[in-house]
There are 2 protein chains.
Amino acid sequence: MPLKEDKKIVERSTRQQSSILEALYGVDEFKSAQDIHALLSKKKLKVGLATVYRTLQKMAEKEDIDAIKSVDGETLYRHCGQNDGHHHHLICSKCGLTITVEGPAIENWTEKVAKENGFREVSHKVDIFGVCKSCKKK
Amino acid sequence: MPLKEDKKIVERSTRQQSSILEALYGVDEFKSAQDIHALLSKKKLKVGLATVYRTLQKMAEKEDIDAIKSVDGETLYRHCGQNDGHHHHLICSKCGLTITVEGPAIENWTEKVAKENGFREVSHKVDIFGVCKSCKKK
DNA sequence: CTTTTATTGATAATGATTATAATTAGCAAT
DNA sequence: ATTGCTAATTATAATCATTATCAATAAAAG
């Protein structure tokens, strides 16, 4: 009896999903669903806007990609090179440059604070916004 | 010639602003602009929705109140008992219970990570979501 | 009281996201 | 290759929070 398969993002694979995946993996920045949709349109790849939203959402749920909320409320997605574990981002608010960082210190701290206060099932997301070196020069 | 005054949130004080302030200070949870507006309406205090948005925004800018974004994209506000400095929140995603915590460890870590990567003008916001003790029992 | 102009508020506009409902298309079985 | 089941897609309308508009109102100063 084979081990139970990982739950798949989707039950059926489609060209649309491939296109979206590919588009997202082609850039190293956080992009919104609208961005990806525009990007695909430019390439003459017709994919419905709703499909882009749905696909990105599902992938984020599955943690195959990272999701953050921009200051103006948009949800942005990005493929994470290292899909091996929990990590955080250092994001340049000028140019969007993103550096992935790990922080055992944070993990321990949040864990401790949560426990001290009787919280369970805690989740946290630490994304640091700032201005990167090259943007500062300008 | 007198010293330049601190920039005030507002140039003129109005009953609307007082009402909004009071309403927010009357609860110990994060509330949206819409929530506050509804709350005021219930008390027969007529304040325009736009005014609630504007006022809360300005107060948040001034850091007289805290602002976070809920998972579903709403901006939520809360008065912070301690207005003396930077702090974070432990928020129950079931009941909204909020505990204010400080984290020197976090401050140091973000500072260090940012510096290592040449980032300046960094800002971070660490809000931990989880389920509080009493909600867990249910 | 009168003037000046910050502030308000009703409402339209915006913009991201979600729901709807009809159509299309995986894919397993025939 | 064809069929059937139903996931997936798509165009479009609907939502919902938030912002812009701009005339009306009311602080604060003179």
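Only residues in region B:22-45 that are under 24 Å from residue B:73 (Cβ atoms) count as the first member; pair them with residues that are of a type in the set (A, V, I, L, M, F, W, C) and open to solvent by 70 Å² or more (accessible area, probe 1.4 Å), Cβ under 8 angstrom, at least 6 apart or cross-chain, and list the lot.
Cβ pairs passing all conditions: B:29/B:97.
Considering only residues that are facing chain A (nearest Cβ under 7 Å) and small (Gly, Ala, Ser), which ones fall in region B:101-138?
Answer for region B:101-138, where residues must be facing chain A (nearest Cβ under 7 Å) and small (Gly, Ala, Ser): B:103, B:105, B:114, B:118, B:123, B:130.
From B:69, B:62, B:43, B:58, which residue is within 16 Å of DNA strand C (Cβ to nearest atom), closer than 23 Å to residue A:125 by Cβ and open to solvent by 60 Å² or more (accessible area, probe 1.4 Å)?
After applying the criteria, what remains is B:69.
Among the residues of region A:98-138, write down those that are more than 30 Å from residue B:98 (Cβ to Cβ), aliphatic (A, V, I, L, M) and either touching a Lys or Arg at 6+ places or on another chain (Cβ under 9 Å) or buried (at least 20 other Cβ atoms within 10 Å of the Cβ) (or both). If you could, list the steps in order and put the result at the bottom.
Within region A:98-138, the first condition is being more than 30 Å from residue B:98 (Cβ to Cβ), and the residues that meet it are A:99, A:131-138.
Add one more test, that the residue is aliphatic (A, V, I, L, M), and what stays is A:99, A:131.
Across region A:98-138, the qualifying residue is only A:131.
Considering A:81, A:85, which residue is among the small types (Gly, Ala, Ser), under 14 Å from the mean Cα position of the chain (by Cα) and open to solvent by 50 Å² or more (accessible area, probe 1.4 Å)?
Among A:81, A:85, only A:81 is among the small types (Gly, Ala, Ser), under 14 Å from the mean Cα position of the chain (by Cα) and open to solvent by 50 Å² or more (accessible area, probe 1.4 Å).
Restricting to strands (runs of 3 or more DSSP E) lying wholly in region A:53-113: which have 3 or more residues that are without any contact (Cβ under 8 Å) to a residue 12 or more places away in the chain and more than 16 Å from residue A:24 (Cα to Cα)? Walk me through how you get there before you give the answer.
Working: elements: A:65-69, A:75-79, A:88-92, A:98-101.
No strands (runs of 3 or more DSSP E) qualify here.
The values are calculated or read from the model by the stated rules, or taken from the named source; none is laboratory data. Quantities reported herein were computed from a predicted structural model and do not represent experimental measurements. Virtual Cβ from ideal backbone geometry, glycine too; neighbours counted across all protein chains shown. Side chains are part of the model used for accessible areas, which takes the heavy atoms of the whole protein and leaves out ligands, DNA and RNA. Shrake-Rupley method; radii C 1.70, N 1.55, O 1.52, S 1.80 Å.
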